[in-house]
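Down below is the structure, laid out as structure tokens.
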Amino acid sequence: MKIGCCVNMVAAEPDGIGIERIEVLASSGYDYVELPLAQMMALKSSKFDELVSYVESVGIPCEACNNFIPASHPITGSKVDKVKLDEYIDEALERADRLNAKSIVFGSSGAKNVPPGFSMERAWEQIVETLQLVDEKIGNRDIKIAIEPLCKLESNIVVNAHEGLQLAKEVNRKKIRLLIDYYHLMIEKEDQGIIEEAKDYLQHMHLANPTGRVFPQAGDGADYSKFISNLKKAGYDSRISIEAFTDSFEASAPVALKTVWDVIN
């Protein structure tokens, strides 16, 4: 398995990307960085070019991107602007491809949350339609979308891994897969049997200590070994990104990496 980190969660600069954290990841031994698409989409072309060059110079690849679609481009409800959404998706996929990302995480609660009074059934259909459109737009790119079920604290639709699996099946496209986030799994108190059930759809993972959503460390009370064991039983051997908060990134990053590697090995 490869271990990465979602640096937007620990970003120190106003742009919220977290690019200033990747040198620490590289020196700590992380395999890759996960960068936020929505925040990178806010960059002018010249600034994005600089970001791509910087990532290449540091030498740690961006193998995944989170924060796919922002709230400014809703995909559910009566105010969906299909033209602007299409344009956004096209450019976002292009930028992810330039970074050589292999997975794009679709949690995007702000974009997919169902407006009050709007039909939940129609909203679900809109999400299915959007993901099918994304699959078409990916084309021959070596990218897959990982549906991220969130939790009821953050979203009002696709709020557990069972719903995420159902969504992936209904979309029924080879490049639309599933992410399981250990934090959300524990917050929703979901049976980890879903990992085995979803084994043919697993694309990406997120990890944090459910208590406070902080960087994992040995003895912090979370049962990471059970989660990793279930992933192994399901035949999952790909990427796990630490998606967590910390008050001391430089100290927490290497400790978290060792913690996860010790569990895996």
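The values are calculated or read from the model by the stated rules, or taken from the named source; none is laboratory data. Treat the numbers as computed from the prediction; the structure is a model and nothing was measured. Note: ideal-geometry Cβ built from the backbone for every residue, glycine included; neighbour counts use all protein chains shown. When the accessible area is computed, the model is the full protein with side chains, heavy atoms only, and any ligands, DNA or RNA have been set aside. Shrake-Rupley method; radii C 1.70, N 1.55, O 1.52, S 1.80 Å.
Assess whether LYS84 counts as being free of Cβ contacts under 8 Å to residues at least 40 places away in the same chain, in a helix (DSSP H, G or I) and either touching a His at 6+ places or on another chain (Cβ under 8 Å) or under 30 Å from ARG122 (Cβ atoms) (or both). Here the answer is yes, as LYS84 does meet what is asked. Just one of the numbered conditions (1) open to solvent by less than 30 Å² (accessible area, probe 1.4 Å); (2) over 28 Å from SER78 (Cβ atoms) is not true of LYS144: (1).
Taken over the stretch 82-109, the residue count meeting the criterion of being in contact with a helix residue (DSSP H, G or I) (Cβ under 8 Å, 6 or more places away or on another chain) and not hydroxyl-bearing (Ser, Thr, Tyr) is 13. The set of residues in the stretch 136-150 being under 21 Å from GLU34 (Cα atoms) and not in a helix (DSSP H, G or I) consists of ARG141, ASP142, ILE143, LYS144, ILE145, ALA146, ILE147, GLU148, PRO149, LEU150.
Note on the stretch 104-127: residues that are surrounded by 15 or more Cβ atoms within 10 Å (Cβ to Cβ) and in a helix (DSSP H, G or I) total 8.
What strands (runs of 3 or more DSSP E) completely inside the stretch 153-265 contain at least 1 residues that are among the charged types (D, E, K, R), at pLDDT 95 or above and open to solvent by less than 10 Å² (accessible area, probe 1.4 Å)?
Answer list for the stretch 153-265: 176-181.
Check the stretch 70-82 and report whether any residue there is open to solvent by 50 Å² or more (accessible area, probe 1.4 Å) and either under 22 Å from LEU178 (Cβ atoms) or of a type in the set (A, V, I, L, M) (or both). Yes, the stretch 70-82 contains a residue that is open to solvent by 50 Å² or more (accessible area, probe 1.4 Å) and either under 22 Å from LEU178 (Cβ atoms) or of a type in the set (A, V, I, L, M) (or both). The residue pairs whose first member lies in the stretch 212-238 and is over 22 Å from MET9 (Cβ atoms), whose second member is assigned to a loop (DSSP other than H, G, I, E, B) and open to solvent by 30 Å² or more (accessible area, probe 1.4 Å), and whose beta carbons are closer than 8 Å, counting only pairs six or more residues apart or on different chains, are ALA234/LYS199; GLY235/LYS199; TYR236/MET1; TYR236/LYS199; ASP237/MET1.
Consider VAL33 carefully, then state whether it is among the β-branched types (Val, Ile, Thr), in a helix (DSSP H, G or I), at pLDDT 95 or above and open to solvent by less than 40 Å² (accessible area, probe 1.4 Å). Answer is no for this residue.
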